[in-house]
Amino acid sequence: MAAAEFPLPDVGEGLTEAEIVQWRVAIGDEIAVDQVLVEIETAKSLVELPSPFAGTVTGLLVSEGDTVEVGKPIIRVDSDASVASGAALTPPAEQSGGAAPVAESVPVSPVVASTPQAAAAPSAPVAQTPPAPAAVPARAAAPAPAAPAPAAAPAAPVQPVAVDASVQGTDESSGAVLVGYGSATSSPSRRKPGARRAAALAAEASRASSVDTAAAAEASVDPGEESTAEAISALGTGSAHKQSTATNVLAKPPIRKLAKDLGVELTEIVATGLAGEVTRDDVIRHAKQASVFRNIETPEWGEVRSETIPVKGVRKAIATAMTTSAFTAPHVSLFVDVDATHTMEFVKRLKASPTFAGVKVSPLLIVAKAVIWAVRRNRSVNSTWTDREIIVHHFVNLGIAAATPRGLIVPNIKDAQDMSLLELAQALEELTLTARDGKTTPKQMANGTVSITNIGVFGMDTGTPILNPGEVAIVAMGTIKPKPWVVDGEVRSRMVTTIGASFDHRVVDGDVASRFVHDVASVLEEPALLLD
């Protein structure tokens, strides 16, 4: 039977290799077009690769943890081949010349579902004589193995699917879409099929509280899917659900890792997600921590005296960027203490404002707006050095350093200078959540012009940040806490912070650097300057 191999594509930014993090399919699985095959890690982000084929997985050509060059085949797929799970890999050249006749399955049009997960569930196949070879429609449901028939023509070779651009949509929030490999809007979630089914049914149950969830699950789940029924029974009704066992807890991989890092048992967490899943806020709330990255308890010393951590992926990219920046750009750093009492009062008023209802507001928002205002008054800090010339940017792509479970990344908010305070708050919240969930794309980290690092969330007063490569200025925001401060000749308790900043001295002179830091501090002392 003819087989098709899927090579590792270039997911953007001219990257030459990627690490295989997790396979989402196994040998013998029936897959559909746009179904997520594997999760890979590049030097900049985690990426889910959708399938351009529909058929049966006959070979996983690389293992989890392997670093693979772009263009190397990673998976082999047969169209409607019946392969036992765990079968040995056999290259196409070594396969027998004639395949045993089998009945080819033709997928039935999927039933319209109320949730994306349900829509991605495979339809029941119908065994019949195969028609002439044709392109598999986009969003076609995955066919299950067909029952053997007395005789049938050999299966047609698998062909990449031609996807109509008119039905793909352009909403970037729907997920990463690889050019030529279909739309991610119909790709299944990361959960296994049983968990996907459970999430879909749970969401339906929460919208109809009058329906008994356990009974609905029993009626909706196919025989033999006891694990799905148990998951639904454990969810119950309403928006908060208590999970029974770790295998039935609905949570994305980044949330599971966060819980593990914080030493939190997922089974002890009350889930508040719309589909009964555990959210980031649920984990943090249960851990009773204000910061995701603060230690809950001191761990025991490991039994192994030393461990070796390969330098690859994001860690390798961080090492290269920091070394290049530190030993190429001559850094100069400045610091100033600031009375941020009025900023804290302003943040409190914004939180109480109906306009900002449901939007996260923090002092970082005011610092971000202050940096944009200061850049407008000191344009050279918003530049790029190229050895031959200095490029001064008349727009602000504001980078926000984010400490994620995968390491430090600096995504940026494009054209932040054109945003209102509310729009900037929404952009900051989206950027932070995307980064912490490991969904930041290379495009979101490209072409930054000036950056902010908020080390205050770790309780630090200040620091000497290293420049993000390609930029000539970075601001460090320290913690804001009560300190004695002289006001009108009297010592009073005020909310004080320290603003630090590093500059590329090839571009930014001391006077410009000083004025820039002073301008940022002035806004924190009196946010009304933003009305200018």
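Observations on the model:
- Residue match in the range 302-312 (condition: open to solvent by 30 Å² or more (accessible area, probe 1.4 Å) and in contact (Cβ under 8 Å) with a residue 60 or more places away in the chain): yes
- All told, Thr449 falls short of being in contact with an Asp or Glu (Cβ under 8 Å, 6 or more places away or on another chain), more than 25 Å from Thr323 (Cα to Cα) and not aromatic (Phe, Trp, Tyr).
- Among the criteria (1) in contact with a helix residue (DSSP H, G or I) (Cβ under 9 Å, 6 or more places away or on another chain); (2) under 21 Å from Pro253 (Cα atoms), the one Trp23 does not fulfil is (1).
- Each residue in the range 323-335 was checked for being open to solvent by 50 Å² or more (accessible area, probe 1.4 Å) and under 27 Å from the mean Cα position of the chain (by Cα), and 2 of them qualify.
- The set of residues from the range 405-428 being open to solvent by 30 Å² or more (accessible area, probe 1.4 Å), assigned to a loop (DSSP other than H, G, I, E, B), at pLDDT below 95 and in contact with a strand residue (DSSP E or B) (Cβ under 9 Å, 6 or more places away or on another chain) comprises just one member, Arg406.
- Looking across the range 27-42, the residues that are of a type in the set (A, V, I, L, M, F, W, C) and in contact (Cβ under 8 Å) with a residue 60 or more places away in the chain come down to Ile27, Ile31, Ala32, Val33, Val36.
- Residue match in the range 32-52 (condition: over 24 Å from the mean Cα position of the chain (by Cα) and under 14 Å from Phe6 (Cβ atoms)): no
- Among residues of the range 508-532 that are on the phi < 0 side of the Ramachandran plot, those with a Cβ under 7 angstrom from a residue that is open to solvent by 80 Å² or more (accessible area, probe 1.4 Å), sequence gap 6+ or separate chain, pair up as Asp519/Arg377.
- Scanning the range 236-250 turns up no residue that is modelled with pLDDT of 70 or more, surrounded by fewer than 20 Cβ atoms within 10 Å (Cβ to Cβ) and not in a helix (DSSP H, G or I).
- Test result for Asp437, touching a helix residue (DSSP H, G or I) at 6+ places or on another chain (Cβ under 6 Å) and either closer than 30 Å to Lys252 by Cβ or open to solvent by 70 Å² or more (accessible area, probe 1.4 Å) (or both): yes
Table: residues versus (1) farther than 25 Å from Ala317 by Cα; (2) at pLDDT below 95; (3) part of a helix (DSSP H, G or I); (4) hydrophobic (A, V, I, L, M, F, W, C).
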residue: Lys360; (1), (2), (3), (4): yes, yes, no, no
residue: Ala374; (1), (2), (3), (4): yes, no, yes, yes
residue: Ser380; (1), (2), (3), (4): yes, no, yes, no
residue: Asp387; (1), (2), (3), (4): no, yes, no, no
residue: Ile391; (1), (2), (3), (4): no, no, no, yes
residue: Val396; (1), (2), (3), (4): no, no, no, yes
residue: Ala403; (1), (2), (3), (4): no, yes, no, yes
residue: Glu430; (1), (2), (3), (4): no, yes, yes, no
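- Filtered residues of the range 15-66 (kept if open to solvent by less than 30 Å² (accessible area, probe 1.4 Å), among the β-branched types (Val, Ile, Thr) and in a strand (DSSP E or B)): Ile20, Ile31, Val36, Val38, Ile40, Val47, Thr56, Val57, Thr58
- Contacts under 7 angstrom Cβ, first residue in the range 331-358 being within 22 Å of Gly500 (Cβ to Cβ) and among the acidic types (Asp, Glu), partner assigned to a strand (DSSP E or B) and open to solvent by 30 Å² or more (accessible area, probe 1.4 Å), 6 or more apart: Asp339/Trp485; Asp339/Arg494
- In the range 491-520, residue farthest from the chain's Cα centre (by Cα) [restricted to those that are of a type in the set (Val, Ile, Thr), farther than 11 Å from Asn378 by Cβ and open to solvent by less than 10 Å² (accessible area, probe 1.4 Å)]: Val496
- Conditions (1) over 30 Å from Leu467 (Cβ atoms); (2) hydrophobic (A, V, I, L, M, F, W, C); (3) open to solvent by less than 70 Å² (accessible area, probe 1.4 Å); (4) modelled with pLDDT under 75; number of the one not met by Val292: (1)
The values are calculated or read from the model by the stated rules, or taken from the named source; none is laboratory data. Not measured: the values here are computed from a predicted model. With ideal geometry, Cβ positions are generated from the backbone for all residues, glycine too; neighbour counts draw on all protein chains shown. When the accessible area is computed, the model is the full protein with side chains, heavy atoms only, and any ligands, DNA or RNA have been set aside. Shrake-Rupley method; radii C 1.70, N 1.55, O 1.52, S 1.80 Å.
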